[in-house]
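Working notes, structure below.
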Amino acid sequence: MRHVELAAAMLEAETPDLYVSQQSFWTWRRIASLKHLGCLYADLDYRKRAKWADSRPEDVLWSAMRVLDDENVPPPSYALSTGNGLCLVWLHSYVPRAALPRWSAIQKLLANVLDAFGSDKNALDAARVFRVAGSRNSRARDWHNEIVRPVYLRDSPDRLRLGAYAFDDLADQILPLARADLVSLRAERAKRRAERDATASRKPTKYLTVASYYESVLTDLQRLRHLRHGEDGAIPQGGRDEWLFIASCAMAHLAPAAVVAREIAALAMEAAGWNEREAHSRMSAVLRRAEASARGETIIDPRGETVDPKYRFKAGTIIERLEISSNEMEAANLRVLVNQDRRRALNTVRTRESRHRRGSKPRSEAQAARLALGARALALEAQGATVSEIAQTEGVSTFQVSKAMKEARE
C-alpha cells in the first residue's frame, strides 16, 4: 500500500519520467531473478517511421490492430500513448521463468509483425520497464501527448487482469506451430529415428530446446549457489570465475543480445560483488561470442559442423567443472545437472506422478487389489471353477487372474 500511495502522490504532482516493471522478480529487476511472467508487450516508436511521424496515437493504434488481426494475433489487453510512441500490452496468466524461451519467441514475433510501426527490437527482454500511465514524458516531441495515457482498453480497468489471456492459448495462437503440433512433429521424428536404428537402446524422449535447456541450467546453477553459499549466495574468492563463466554462457542463450551485458553484470554483482567494468572484463569472451552471434556469424565446431558461436556445455561437463556431488544434486533438487543415478530417480518420480494424474492406483493399492482377487480366485478354483470362468465372473483377463492367483499362493 505504501508503494501505491507513493506512486499516486508522484502522479498527482506530475512527476516526469516514471517507469514500472512489467513482470515480477525475486530480488533485483533482472532475468536471473525473474519470478513470474505476466504479460507480453510491444514498444512502438512510430514517430521514427516517416509514414506515421505526424500521426495521432489513436490512428497508429487502429492501423496496428488491423495488422495484428491479419496475422491472427489477438488484440492487446491495453495500449498506452507514451509521448513518442505506443506501448501495447497483452496480459496473460502468470507463468514461471521456465516459460521464458517460449515467451521470448512470441516477443520476437510480435516485434516482427509490428515492424512497420517502429517496433523496438531492443525492448523485448523480460526485465524491460515502461512509462506509468498518468506520468509525464519530459522528452515528448508533442506537448499534447506528453502525459502517458491509455488509448485502448480491452475491458474495464478493474477487469483487465481478470480477463487476461491464458498464456498457452495465447502462445498457441501466435506462434507458427502450436506446442501440440511441435510435440507431434518431434514424436514423428523420433519414430523415424527408431525405425532407422532398431537396435538402439531406449532413452527417455526430451523436448528441450537450446533456450529451455539453458534456462534449466541457469536455474540449477542458482540452486547450487544458494546451497553452497547460503541465502545470499555470495561466492567466495576461488570459486567465482568458474561458476560465473558457465552462468554467463547460459544467460547469453537466454537474454536478447541488447541486454546480455547488463544481465551478466547484474548476475556478477550479486554472486561475486563485481562491478560492471570488472564483470565485462572477466566475461569478455562470453560477450564477444554473444555479439558475434547477434551479427549472424557462425563457427565450425570440432565435428566440422557450422554452429552458433556462443559457448555450449553438456550437463556432464558442467558437473565436472563445478565438481557437483550426488548429495548436492539431491539436496539442491537439481533437474538437469545430474548424473545417471539421479536422472533415473527423477524419471521414476515423474513416471509415478504421471500415472497418478492418469488415475492409476499407487503400487501398494494395486498389489492389495491383486491379492484380494487372487484369494477370491483360489476360493472359486477350489469349488471347481476354471480360470476362464473366474475371469468372466471378475470382469478381467485370464492373465490377470493367473497372476493374482500366483501372488496369492506365494
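With Cα atoms as the point set, the radius of gyration and Dmax of the range 2-174 evaluate to 15.7, 44 Å. Sites listed here are GluC sites (Glu not before Pro) in the range 228-263 whose DSSP assignment is loop and whose Cβ has at most 11 other Cβ atoms within 10 Å: Glu231. For the range 211-303, trypsin sites (Lys or Arg not before Pro) are listed when DSSP marks them as loop and at most 10 other Cβ atoms sit within 10 Å of their Cβ; the list is Arg295, Arg303.
Quick one: plug the Kirkwood hydrodynamic radius of the range 210-352 (C-alpha pairs) into Stokes-Einstein at 37 °C, 0.692 mPa s, and report D in µm²/s. If you can, show how the numbers build up before the last one.
Values: Rh = 16.0 Å.
Answer, rounded: 205 µm²/s.
Here the range 363-409 was treated as a single set of alpha-carbon atoms; its pair distances binned every 10 Å from 0 give 33, 58, 9, 0 percent. Taking the number of Cβ atoms within 10 Å of each Cβ as an exposure proxy, the fewest-first ranking of Cys87, Cys39 is Cys39, Cys87. For the range 384-394, the Karplus equation 6.51 cos²θ - 1.76 cosθ + 1.60, evaluated at θ = phi - 60°, returns couplings of x, 6, 7, 4, 4, 5, 5, 4, 5, 5, 7 Hz by residue, with Gly and Pro reported as x. Our coupling estimate for the range 64-81, obtained by passing each phi through the Karplus curve with A = 6.51, B = -1.76, C = 1.60 and θ = phi - 60°, is 5, 5, 5, 5, 4, 5, 4, 9, 6, 9, x, x, x, 6, 7, 9, 10, 7 Hz, Gly and Pro reported as x. Once C-alpha pairs closer than 8 Å and six or more residues apart are averaged by separation and normalised to the residue number of the range 210-352, the relative contact order reads 25 percent.
Please say if the range 251-333 is rounded, prolate or oblate, where rounded means a/c under 1.5 for a ≥ b ≥ c the square roots of the C-alpha gyration tensor eigenvalues, and otherwise the choice is prolate for a/b larger than b/c and oblate otherwise? If you can, show how the numbers build up before the last one.
Details: a/c = 2.35, a/b = 1.14, b/c = 2.06.
It comes out oblate by the Cα gyration axes.
Cross-link pairs exceeding 27 Å in C-alpha to C-alpha distance, out of Lys121/Lys314; Lys51/Lys310; Lys108/Lys310, comprise Lys121/Lys314; Lys51/Lys310. For Val132, nonlocal amide neighbours, meaning residues 5 or more places apart or on other chains whose placed amide H falls under 5 Å from its own, are Leu18, Tyr19, Val20.
3J(HN,Hα) couplings calculated from phi for the range 105-119 with the Karplus curve 6.51 cos²θ - 1.76 cosθ + 1.60 (θ = phi - 60°) are, in sequence order, 4, 5, 4, 5, 5, 4, 5, 5, 4, 9, 4, 5, 9, x, 4 Hz; Gly and Pro show x. For Asp70 and Asp17, the FRET efficiency from 1/(1 + (r/R0)^6), where r spans their Cβ atoms and R0 equals 45 Å, is about 0.80.
Quarter the surface of the alpha carbon convex hull of the range 60-149 and you get the mean projected area, 6.4 square nanometres. For Tyr152, nonlocal amide neighbours, meaning residues 5 or more places apart or on other chains whose placed amide H falls under 5 Å from its own, are Ala79.
Bear in mind that the values in this text are calculations on the coordinates, not laboratory data. Quantities reported herein were computed from a predicted structural model and do not represent experimental measurements. So basically every Cβ, Gly included, is an ideal-geometry build from the backbone, and we count neighbours across all protein chains shown.
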